[in-house]
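The values are calculated or read from the model by the stated rules, or taken from the named source; none is laboratory data. The structure displayed is predicted, hence computed values, not measured ones. Note that each Cβ is placed from the backbone with ideal geometry, even for glycine, and that neighbours are counted across all protein chains shown.
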Amino acid sequence: MTIPESSPHKRLKAAVLVAGSWGTALASVLASNGHEVVMWTRGQAQADEIREQHTNGKYLPGAQLPSGLTATTNMDEALRDAQLVLFAAPSSAMRQVAAAAAPMVARDAVVIHATKGFEIDTLERMSHVLAEELGRPQQEIVVLSGPSHAEEVVKKLPTTVVVASEAEGFAEKAQDALINSDFRVYTNRDVTGVEVAGAIKNIIALGTGLSDGLGFGDNAKAALITRGLAEIGRLGAAMGANMMTFAGLAGVGDLVVTCTSPHSRNWRAGSMLASGLSLDEVLHRMGMVVEGVRTTRSAKALAARYGVEMPITDQLYEVLFQGKTPREAVESLMMRDRTNEL
């Protein structure tokens, strides 16, 4: 049951690190729920814009942010007395941001991350990175995921997500802080499954962007989504996930929305690659992190570690890093040896 918008939340001080599109959207949810929310960003101009104009034009153009939402470049100011700390840094920056924040994060603060990817060098999930850097048990870290474009969340369009923690009480605290009539939040204890699904779906979205960019139609896109879900499930099972998670919001829900919407950075990047642009040109034009690119490297390494077959990931790796054309990659997938679906 969702909490009616008029129902009071227990007022918290919340810190959100950093001020990209997703961090800003989640900060907006928290501020709309009556919490005191301070975002941390490295950019003084961005902090001034959020604080004075209540906008974040680079990442969420046209969106008006709640007046109670503020921002600072001083991490200590953001984290001081924070009862909830939400990390939304890119996977490549998570360890650095967490290490800087660690001395200032209160021991009893609820820690949430909303980042979908693996650490390239270690192949660790973000909950592990945060646990290591913050010096707290991994089961206390909460993961937020699910089908949720920042552009829609900030407009208060109906959205449903999941928060996962091995210690269910921590997930329930996150649920209480975030849930409202526009933003429905479920809990889950399968942190591994939620993190694996959130990371790998970005790779599949690159693939559907490529397919759409080549004009291959809905049949091909449906096939990529379906077989992509099979890849997510195989890797997740090998890493100890609950297979039911992949039938839920963090699995098929997030996969569908990311693979079909122009809001998706990964879908847009794949479509641009299909037009003939190089990866460097695509990333330059995007101007924002495309997590699926880094995750393709990580997933290929994880597939080798766990002995898991991931043909879509393999073909995208060749497109991104070995010069294979998108059309050749699709042909390679279609010409694989015949096999049983299950």
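Here is how the numbers come out for the structure above:
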item: Complete set of residues in region 178-228 that are surrounded by fewer than 24 Cβ atoms within 10 Å (Cβ to Cβ) and in contact with a Pro (Cβ under 9 Å, 6 or more places away or on another chain); result: Asn180, Ser181, Asp182, Arg184, Gly213, Leu214, Arg227
item: Selection count, region 243-260, where residues are over 17 Å from Gly117 (Cβ atoms), part of a helix (DSSP H, G or I) and of a type outside the set (A, V, I, L, M); result: 4
item: Filter result (farther than 26 Å from Ser127 by Cβ and of a type in the set (Ser, Thr, Tyr)) within region 73-108; result: Thr73
item: Those residues of region 210-267 which are under 21 Å from Leu279 (Cα atoms), among the charged types (D, E, K, R) and under 15 Å from the mean Cα position of the chain (by Cα), in sequence order; result: Arg265
item: Within region 233-242, tally of residues that are touching a residue at least 24 places away in the same chain (Cβ under 8 Å), part of a helix (DSSP H, G or I) and of a type in the set (A, V, I, L, M, F, W, C); result: 2
item: Selection count, region 28-52, where residues are without any contact (Cβ under 8 Å) to a residue 60 or more places away in the chain, out of contact with any Leu (no Cβ under 6 Å at 6 or more places or on another chain) and under 18 Å from Glu151 (Cβ atoms); result: 4
item: Residue count for region 81-104, restricted to those that are free of Cβ contacts under 8 Å to residues at least 40 places away in the same chain and either within 15 Å of Glu36 (Cα to Cα) or buried (at least 22 other Cβ atoms within 10 Å of the Cβ) (or both); result: 2
item: Residue check for Ser165: within 18 Å of the chain's Cα centre (by Cα), crowded, with 21+ Cβ neighbours inside 10 Å and of a type in the set (Ser, Thr, Tyr); result: yes
item: Residue match in region 302-319 (condition: closer than 22 Å to Phe246 by Cα and in contact with a strand residue (DSSP E or B) (Cβ under 9 Å, 6 or more places away or on another chain)); result: yes
item: Selected residue (criterion: surrounded by the most Cβ atoms within 10 Å (Cβ to Cβ)) from residues of region 261-278 that are out of contact with any Ser or Thr (no Cβ under 7 Å at 6 or more places or on another chain) and part of a helix (DSSP H, G or I); result: Ala269
item: Residue identified as farther than 26 Å from Val290 by Cα and in the same structural domain as Phe118 (by TED's automatic domain parsing) among Ala78, Ala100; result: Ala78
item: Contacts under 6 angstrom Cβ, first residue in region 246-275 being touching a residue at least 60 places away in the same chain (Cβ under 8 Å), partner of a type in the set (Lys, Arg), 6 or more apart; result: Asp254/Lys201; Thr258/Lys201
